Structures are given as C-alpha cells and as structure tokens.
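Visitor: Have a look at this one before I ask anything.
FYI, it's all coordinate maths here, none of it is from the lab. Just so it is clear, the model here is predicted, and its values are computed rather than measured. So basically every Cβ, Gly included, is an ideal-geometry build from the backbone, and we count neighbours across all protein chains shown.
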Amino acid sequence: MGVHVLLASTALKTVSVTSLWLIPLLLGALTYHNYNSYDPEARILDKEPLKEYDFVVVGGGSAGAVVASRLSEVKSWNVLLLESGPDENEITDVPSLAGYLQLTKLDWQYKTEPTSYACLGFKKKQCSWPRGKVLGGSSVLNYMIYVRGNRYDFDQWESFGNPGWGYQDVLKYFIKSEDNRNPYLAKSKYHGRGGYLTVQEAPWRTPLVAAFVESGVEIGYENRDINGAIQTGFMIAQGTIRRGSRCSTAKAFLRPVRTRKNLDISLNSQATRVLINPVTMKAYGVEYVKHGVKRTVYARKEVILSAGAINSPQLLMLSGIGPKDHLREVGIKVLKDLPVGENLQDHVGVGGLTFLVDKPVAIVQNRFQAFPVTMNYVVNERGPMTTLGGLEGIAFVNTKYANSSGLWPDIQFHMAPASFSSDNGQIVRKILGLTDEVYDTVYRPIANKDAWTIMPLLLRPNTRGYVRLRSSNPFHYPIMNPRYHEDALDVARLVEGIKIALQVANATPFKQFGSRLYMKPLPNCKQHKFMSDEYIECQVRTISMTIYHQSGTAKMGPSWDPEAVVDPRLRVHGVEGLRVIDASIMPTIVSGNTNAAVIMIGEKGADLIKQDWLNRRR
Ligand SMILES: Cc1cc2nc3c(=O)[nH]c(=O)nc-3n(C[C@H](O)[C@H](O)[C@H](O)COP(=O)(O)OP(=O)(O)OC[C@H]3O[C@@H](n4cnc5c(N)ncnc54)[C@H](O)[C@@H]3O)c2cc1C
C-alpha cells in the first residue's frame, strides 16, 4: 500500500521535538472526557466475563465487531466478545498516522517466510505483515480505503456451490452497513445511508490526484464510482472515515451499542483453544488467557471465530481441526481432518515506482508545519491529517491478460502523492523493512523531494500460500508463506501493470507539474535495461509489497469441495456449534481492498446465525 504516513511524521516528530503536539492531545483528552458522559461514540467498557454465554465471538476486528453487535440485537441472547488487544486510542483516530501504528503493541507484527521469489528488497527477504491487535482489529491499522470488490467475484463464489453469496445477495449487506456522506454517492442505488459505517472521501487532497483521474480518462478509462455498477475506471478514493477521523468497526458497530446489557467485551483476552467434545463433535467453549491467567468460558449455542486470516486457522489447528499430518507433526490430537490454513491469498503490489515533480504539490514532511496542520485537524476536522494513510487515488485497469469483457480488471492502482523517502526515511522504510542498500542507493537521494507514485497490485493471484503452526504453543507465531510470485502469469500481469502506470504518468494532466520518472535503478536489478520487462520483473520481486489483504485460509465451500473448511452458512464442516466469520472464509480473494467485503461477511454471517437459531426455536 505504500507511501502512507508522510504527514504523520510531521506530527509525531513534533512529539519529541516540541510540546506543540500536546495541544491536540489535550484537546483529544478533553473531548474524550466529554464523550464518556454523553456521546454515543464513547468507548466500550472492558468486562470481566461470566462463566457462560449463548455466543462467544473470538476476535473483535472488522468482522467480529459486526458479528457481536448484530447478535446482541437479539435481546434474549447474551454475547461475549473476546479480543486479544486493548481499545483504540486518540492516535489511531488520525487517518494520516496509519503507518505509525505498525510495529507498536497494536500490531501483531507478523513476517512472511523468506523465499527467493519475492520480498527480495526487504530485510531477511521477509515481508512485514502487520495485523491489528486491538479492538477493531485491522480496521484500526488499515488505510481506510473503501472498495467492495468486483460483482463477478461474488458471482464466482456462488458458482463454487455457495448459494446466497452472489453479487445481488451480498449487495444488500454492503448497503446495510453503510452511511455514505458524499451526496453524489449517497444518492446512488449502490450506496447506503444511515448504517453504522461512515464512508466518505477525505476532506483534503493534493492536486496530483485530480491529475491522476484525468490521466486515466485520457488513456481511455472512465472516471466512475468503482463501487457502483462497473468497477473498471479511476476515482478519488472513498474511505471509512467520519468527520475526518478513522471509522474503525469498533467505533462504527460497538461503541453505539456499548451499554447493551447482553453484550460483554473482554479486552486483552487471547483465546488459546476452542473446546470441542470429541464424541459429539460439538464446540462448547473457549480457553483464553487474560492478565496472564488461563480461563474458560462456555458457549451454550455457538463459538464464532473472527480472529482473522492468520489467527482463525491457527486457533482451529490448536483445537484439533486441520490437516491431519501437520497436526500430528506438531503433536496435536486430530479431531477433524480439514485443509485449514491452505488457500492463503493476498494482494501483492509493486512498490517504489517514483515520479518527481517540479511544483510543491506533493506531501513532503518538511513542508507541513505541525501546529497549523494539527489545529486544522483538531478544530475543523480537515487538512492533510485527514488523508487516508497518504493514499488518494484508486483505479482498476485491464492488462492484455485480463478478462476480455473488460469488466473484471486484473490490476488495481493505488496512487499516493509521495515517495518512500518523503518522510526522510523515518517511518516508511522501517515499517516495510527496506534494506539499507535499497534505501540508501535509490530513495535517500530524493529525500524530502516532491514526488508521487502509482502502485499496481495483482487482484486475483494464481498462487495459493499457507498458514501452518510452528508448534502447539498458542503464543508461538504461525508460519506464513503467501508464495508470492511463484507463478509466471502473476508476475507478467504486474509487469504490464507497471507499463499502464507509466502511460498514466506520461499523460497530459501531469505535464503541468513537470512530472517525470525517477530513473535510479534498484541495485540488484541494474544489470537489466532500466524499465525493460526484465528490469520490471526484478522490481516486482524486489519491492513486493503486501497490500495487507490476507484471506482464504478457512475456505467456504460445499461438503463435496475437498478444499472447503466451512460450509456456505459458515459452519465448520463436521463440527457443531462452530463457525468462522472473517476474511478466512473467502474462497477466492475479492478484487479490491478487503475491509468492506469482510464487514459484509460479518453482516451476512450474523444474519445466518439469526436465521438458524430463531427459525429453529419457532
Ligand atoms: C496495515 C493495513 C492496511 C490495510 N488497508 C486497507 C484499506 O485501506 N482498505 C481495506 O479495505 N482493507 C485494508 N486492509 C485490510 C483489512 O483491514 C482487513 O482485510 C480486515 O480488517 C480483516 O478483517 P478480519 O475481521 O478478518 O481480521 P482483523 O480485523 O484482523 O480482526 C481479527 C481480530 O482478532 C483478534 N484476535 C486474533 N487472535 C485472537 C485470539 N487468539 N484471541 C482473541 N482475539 C484474537 C485480533 O487482535 C483482531 O482484533 C489493511 C490491513 C492492514 C493490516
């Protein structure tokens, strides 16, 4: 996702340099104090769990927050939400500070296994995989881009034997969640108003994003709502923000219902195992650790895993549900042999393509004065601190390998008005883990210069990776290998994606800024002619950037699908009282940023539970 946090540097650098940063913190603290007494967005209360609930939801992230909120609408049910991390804080609210949350205690700080195919420009050849360890999960760390995916993704899910998951069925759940506050979008039949989740464009932007959209039109694409009837095209990004601040799923779905008597939320509570009766094969509770003490909570009706695409499969395997040979290898008794942890998919992009401009129109850390920028955010909810982690433009384009209809693009663009070194090497290089050689040779020479980038990303990879247990210890991080770029066509699509990005950058609208390609080759690719196919392939493998969309590790599919872990009602095959509701269930990754689709999965999953239990009772 790239270059995100450049403004943030300005603000956070100030913390250590002057006391100006105290002003917004103080204002934030005052506002927070007031919220506690009357505001519906006030924070949730961390509860001591009871011994037993109707439903125990594990993980309060993008999906789990939705599930807990919707299930507790049924007054006769009581619901426990267990979340490993703490609550959000004032810094997580600020859109431009998104990247600053990585490598903190709100981040699980995962890393991929080193391979020789990808991530070669990062330390130890590992890609960093941040995931939210906080109420709201990865919706607290994410860059807030609101993209739903392509209608054919969902129709394909249905065609795999998952009735009720086609585009027309899921569209109503996207709309149900949404409160779109951009009038031109809100009136469209594809958008919703009045839902819990606020969606709007960032109130501030650079002129470069207008040039990006106009250039897209010049090369033959439409400027359109990429979440509407047709996805192919260019637009200014929509984001999950509310009045200029992050709207995580915790803020959207949990805070307004925090006083419900039948919903308990337990923070800093890490589930370690689902309890399953080996004779009846019914899930009846969860073991978890809070404040260093191991505890058990029982579920009368169901346990729901919403721990995300890394931790839901980890928990299933720790509980005896997974590939039998692998479980035996790590000494776990097999209760149900299922391909848990397989089918891992992610979006991987090519980072580092940089265009320099002659005008002061990009985001450059040194140019933003901390005090006015911060006050504009705190007082007016406007200004550079409202940018979606630094991203401004989105596009969906077709390479020569794309579906011939032109309606199911194979490449997405993220456009950011900054480079890897617009923050003078303070944050971006660290959170990505760029090697010193790459940073010093290529990016340090343009530190603090006006620059912008397009990052092409591969929408539907051919490769499938895996998540496996490192050991039977629930506190040991699992092994993660996305197998990026092991498939030649995946790489070829990205090479073509870079060529389309170059066409966009060469279009007339960018000429007014004196925009030009920065031509410093990557040190390990300089044997190839700059921007030849061979060079671009080398760049694809060197700066292989996750877009943080891990999914698919507990695949949804019918009982005859040998790869399926959950059925189309999201129940784990062969185990009663246990569902998975999060990014893990995607049979194929959606063509677009995953947060909105995961929220939709949470909405639909909660409805499936209501249908199953409320109909049964009557
Ligand atoms: C840095 C970053 C940037 C991103 N940018 C975007 C973007 O701009 N737009 C977009 O659409 N998507 C984006 N994404 C992806 C999107 O946010 C995720 O796909 C989505 O949040 C995943 O939702 P989930 O519910 O599956 O998992 P998560 O939201 O990760 O939730 C899982 C939750 O479970 C908790 N948990 C895990 N294990 C346990 C356990 N054992 N016990 C108790 N709790 C546990 C975790 O702490 C976490 O809160 C981004 C993600 C990241 C990390």
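Visitor: Please report the relative contact order for the chain, taking Cα pairs under 8 Å with a sequence separation of at least 6, and give it as a percent rounded to a whole number.
Guide: Relative contact order of the chain: 23 percent.
Visitor: Relative contact order for segment 116-172: what percent, with Cα pairs under 8 Å and sequence separation of 6 or more?
Guide: Relative contact order, segment 116-172: 17 percent.
Visitor: Using the basic label-point model (7 angstrom from Cα toward the beta carbon), what is the Arg300 to Ser405 distance in nanometres?
Guide: About 4.7 nm, to one decimal.
Visitor: Also, I was wondering about something else. Roughly speaking, what is the stretch gain from Gln611 to Leu50, that is 0.36 nm per residue apart minus the C-alpha to C-alpha distance, in nm to one decimal?
Guide: Here the answer is 199.4 nm.
Visitor: Could you please state, rounded to a whole Å, how far the C-alpha centre of segment 303-322 is from the C-alpha centre of segment 76-93?
Guide: Here the two parts' Cα centres lie 19 Å apart.
Visitor: Tally Lys and Arg at +1 and Asp and Glu at -1 over the other residues with C-beta under 10 Å from the C-beta of Glu287: what net charge comes out?
Guide: Computed value for this residue: +3.
Visitor: When we measure straight from the Cα of Lys51, which aspartates and glutamates land under 20 angstrom away, once same-chain ones fewer than 8 places off are left out?
Guide: Filter leaves Glu83, Asp264, Glu287, Glu302.
Visitor: As a check on your grasp of the helix formula, calculate [θ] at 222 nm for the chain: sum -39500 (n - 2.57) over DSSP H runs of n ≥ 4, divide by the residue count, round to the nearest 500.
Guide: Mean residue ellipticity, 222 nm, calculated: -8000 deg cm²/dmol.
Visitor: Size of the dipole of segment 53-135 about the Cα centre, Lys and Arg at +1 and Asp and Glu at -1 on the beta carbon, nothing else charged, in debye to 20?
Guide: Dipole magnitude for segment 53-135 comes out near 500 debye.
Visitor: Lys124 to Val293: FRET efficiency via 1/(1 + (r/R0)^6), r the Cβ-Cβ distance, R0 56 Å, to the nearest 0.05?
Guide: Approximately 0.95, to the nearest 0.05.
Visitor: Hey, another quick one. If packing is taken as the average number of other Cβ atoms within 10 Å across a peptide's residues, how do 406-419, 600-613 rank, most packed first?
Guide: 406-419, 600-613
Visitor: Aspartates and glutamates near Lys105 by alpha-carbon distance under 12 Å, same-chain residues fewer than 8 away left out - which ones?
Guide: Asp87, Glu88
Visitor: Among Val140, Asn162, Asn180, flag the residue with its Cα farthest along the positive direction of the charge dipole of segment 130-182, charges on Cβ as +1 for Lys/Arg and -1 for Asp/Glu.
Guide: Val140
Visitor: Looking at the chain, which Cys residues are left with no other cysteine's beta carbon under 4.7 Å from theirs?
Guide: When partners are defined as cysteine Cβ atoms under 4.7 Å apart, the chain leaves Cys247 without one.
Visitor: Could you size up the charge dipole of the chain around its Cα centre, putting +1 on the beta carbon of Lys and Arg and -1 on that of Asp and Glu, and report it in debye to the nearest 20?
Guide: The dipole magnitude comes to about 1040 debye.
Visitor: Using a cut-off of 10 Å between beta-carbons, work out the net charge of the residues near Leu171 (Lys and Arg +1, Asp and Glu -1, Leu171 not included).
Guide: Net local charge, Leu171 excluded: +4.
Visitor: Another question, then. Give, as a single signed number, the net charge of other residues whose beta carbon lies under 9 Å from the beta carbon of Gly320, with Lys and Arg counted +1 and Asp and Glu -1.
Guide: +3
Visitor: Is there a quick way to get the dipole size of segment 565-611? I mean about its Cα centre, with the Cβ of Lys and Arg at +1 and of Asp and Glu at -1; what is the value in debye to the nearest 20?
Guide: It comes to approximately 60 debye.
Visitor: Run through segment 180-256 and list the trypsin sites (Lys or Arg not before Pro) located in a DSSP loop whose Cβ has at most 11 other Cβ atoms within 10 Å.
Guide: For trypsin sites (Lys or Arg not before Pro) across segment 180-256 that sit outside H, G, I, E and B with at most 11 neighbouring Cβ atoms in 10 Å, the list reads Lys187, Lys189.
Visitor: How far is the Cα center of segment 522-539 from the Cα center of segment 236-254, in Å?
Guide: First find each Cα centre; the distance between them is then 39 Å.
Visitor: Let me ask something else. Which distance in nm do the two modelled labels at Thr280 and Arg516 give, with both placed 7 Å along the Cα-to-Cβ direction?
Guide: 7.4
Visitor: Continuing with the same structure: Under a straight-distance cross-link criterion of Cα-Cα below 14 Å, which aspartates and glutamates are reachable from Lys336, leaving out those fewer than 8 residues away in the same chain?
Guide: Asp325, Glu563, Glu576
Visitor: Classify segment 349-396 as rounded, prolate or oblate, taking a ≥ b ≥ c as the square roots of the eigenvalues of its Cα gyration tensor: rounded when a/c is under 1.5, otherwise prolate if a/b is larger than b/c and oblate if not.
Guide: Oblate, since a/c reaches 1.5 and b/c is not below a/b.
Visitor: Something else now. What does the highest-first list of 133-140, 170-177 look like by mean Cβ count within 10 Å?
Guide: Top of the packing list down: 133-140, 170-177.
Visitor: Also, I was wondering about something else. May I ask you to order 428-436, 288-296 by the average number of other C-beta atoms within 10 Å around their residues, highest value first?
Guide: The peptides rank, most packed first, as 428-436, 288-296.
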